[in-house]
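The values are calculated or read from the model by the stated rules, or taken from the named source; none is laboratory data. Just so it is clear, the model here is predicted, and its values are computed rather than measured. Here the Cβ positions follow ideal geometry from the backbone for every residue, glycine too, while neighbour counts run over all protein chains shown.
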Amino acid sequence: MEKQFINAMRSIDWQPAIDIRNVGYLKDSVDPDVGWWNSAIKYFPELSYDANILDVGTWFGVFPRILKEMGYTNVECTECAAHNTGVRDDLQRLHQLFDIAPFEFEVTPGKLFSLPKTYDLITVLHTNMHWQIHDLYCIQKGDGIEPRITKEWQVVDSNGITNTFFVPWKVHEWQSFIDSIKQQLNPGGVCIMQPHPWPYDSEPEVTELLAPYIKEHSVEHSILCITKD
C-alpha cells in the first residue's frame, strides 16, 4: 500500500494545483520526498478497489486525488464552510481540478453525529478538528485604540513567530466522537486520525480514553486507529 501510494503521487502532475494555491502546505503534501502522508499510510488496511472510503476535512483534496489515481472507485470527502473562509474560492478550483465533490460536514464538540452511509475507511488526516477555537475570545487593548473583543486565535509576534491558541477536546468530546465514528464504520472498518498537534501528554484522563487507539504520538506526529467494536 505504501509503495503504491507513493508511486501514484509521483505519477500526478501537481503543477496546475500549485499554480492555483502556491503555498508550502500544499507543496509539501504533494512531494513524495517530504513524507507528508508517511505516518498515516503505514496503518492503512488492505482494501478492495470498490471499498467505501471517506476523507473528512479534505481541504485541498490531495488525499482523495491520490486514492483515485491508485484505482479506488468509491472515494468521497467532506469540507466545512465555517473553517475555510478566505480560501474557499481556491479550494473549489482545486476540487474541480481533482474531480472531487466534498459534501458539507462539521463535527460539533460533544455532539453525536451521523454520515450519509457507512465506510470501510474513514480518514481525518493532519486535522485540527479537536480544537475548540470557537470558544476562544481575545481582548485587544493598546495606546490609541478602544478595547474590543475579537475571536482572533492566531497571532504573529514581533519576532515573526506564529502563536496559535486553542482549547483541545476533553474526555466527553472525544467519547462522543469515538461513539459516533464507530457507528459510521462497516464491520472491519477503521478510522485513521491524525490530531495535530498532540496536546494530551499532561491530560491523563484523555490519554487513558484514547490509549486503545493510539499507534504513535508526539507533538507533531500522532496516529489514532479507531475500529468498529
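Determine whether Val219 is loosely packed, with under 15 Cβ neighbours inside 10 Å, at pLDDT 95 or above and among the aliphatic types (A, V, I, L, M). Answer is no for this residue.
Among the residues of region 172-229, those that are among the hydroxyl-bearing types (Ser, Thr, Tyr) and touching a strand residue (DSSP E or B) at 6+ places or on another chain (Cβ under 9 Å) comprise Tyr200, Thr207, Tyr213, Ser222, Thr227.
A quick yes/no check of all residues on (1) farther than 18 Å from Cys191 by Cα; (2) buried (at least 22 other Cβ atoms within 10 Å of the Cβ); (3) without any contact (Cβ under 8 Å) to a residue 12 or more places away in the chain; (4) not small (Gly, Ala, Ser):
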site: Lys68; (1), (2), (3), (4): yes, no, no, yes
site: Cys77; (1), (2), (3), (4): no, yes, no, yes
site: Thr85; (1), (2), (3), (4): yes, no, yes, yes
site: Arg88; (1), (2), (3), (4): yes, no, yes, yes
site: Leu91; (1), (2), (3), (4): yes, no, no, yes
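Residues in region 17-37 include none that are in contact (Cβ under 8 Å) with a residue 40 or more places away in the chain, out of contact with any helix residue (DSSP H, G or I) (no Cβ under 8 Å at 6 or more places or on another chain), aromatic (Phe, Trp, Tyr) and closer than 26 Å to Lys215 by Cα.
In region 188-205, the residues that are closer than 20 Å to Asn163 by Cβ reach residues that are assigned to a loop (DSSP other than H, G, I, E, B) and small (Gly, Ala, Ser) with C-beta atoms within less than 7 angstrom, at least six apart or across chains, in these pairs: Trp198/Ser218. Screening Ala51 on (1) exposed (fewer than 15 other Cβ atoms within 10 Å of the Cβ); (2) at negative phi shows it passes everything except condition (1). Taking the criterion of being among the polar types (S, T, N, Q) and buried (at least 16 other Cβ atoms within 10 Å of the Cβ), the residues of region 101-126 that qualify are Thr118, Thr123.
Of all residues being among the β-branched types (Val, Ile, Thr) and surrounded by 13 or more Cβ atoms within 10 Å (Cβ to Cβ) in region 24-41, which is modelled with the highest pLDDT? Just the residue, please. Ranking the candidates gives Val30 first.
Scanning region 114-147 for residues that are among the hydrophobic types (A, V, I, L, M, F, W, C) and touching a strand residue (DSSP E or B) at 6+ places or on another chain (Cβ under 6 Å) returns Leu121, Ile122, Val124, Leu125, Cys138, Ile139.
Residue pairs whose Cβ atoms lie under 7 Å apart, sitting 6 or more positions apart in sequence or on different chains, and linking a residue in region 123-139 that is farther than 8 Å from Phe166 by Cβ to a partner that is aromatic (Phe, Trp, Tyr) and part of a helix (DSSP H, G or I), are Thr123/Phe63; Leu125/Phe63. Residues that are assigned to a strand (DSSP E or B) and loosely packed, with under 13 Cβ neighbours inside 10 Å: does region 190-207 have at least one? No, every residue in region 190-207 fails to be assigned to a strand (DSSP E or B) and loosely packed, with under 13 Cβ neighbours inside 10 Å.
Of the strands (runs of 3 or more DSSP E) lying entirely inside region 65-182, those carrying at least 3 residues that are over 18 Å from Asp55 (Cα atoms) are 138-142, 145-150, 154-156, 162-164. Screening region 84-134 for residues that are touching a Pro at 6+ places or on another chain (Cβ under 7 Å) and among the β-branched types (Val, Ile, Thr) and picking the one that is modelled with the highest pLDDT gives Ile100.
Listed by first and then second residue, the pairs linking a residue in region 153-182 that is basic (Lys, Arg) to a residue that is not in a helix (DSSP H, G or I), with Cβ atoms under 7 Å apart and 6 or more places separating them unless they lie on different chains, are Lys182/Ile226; Lys182/Lys228; Lys182/Asp229.
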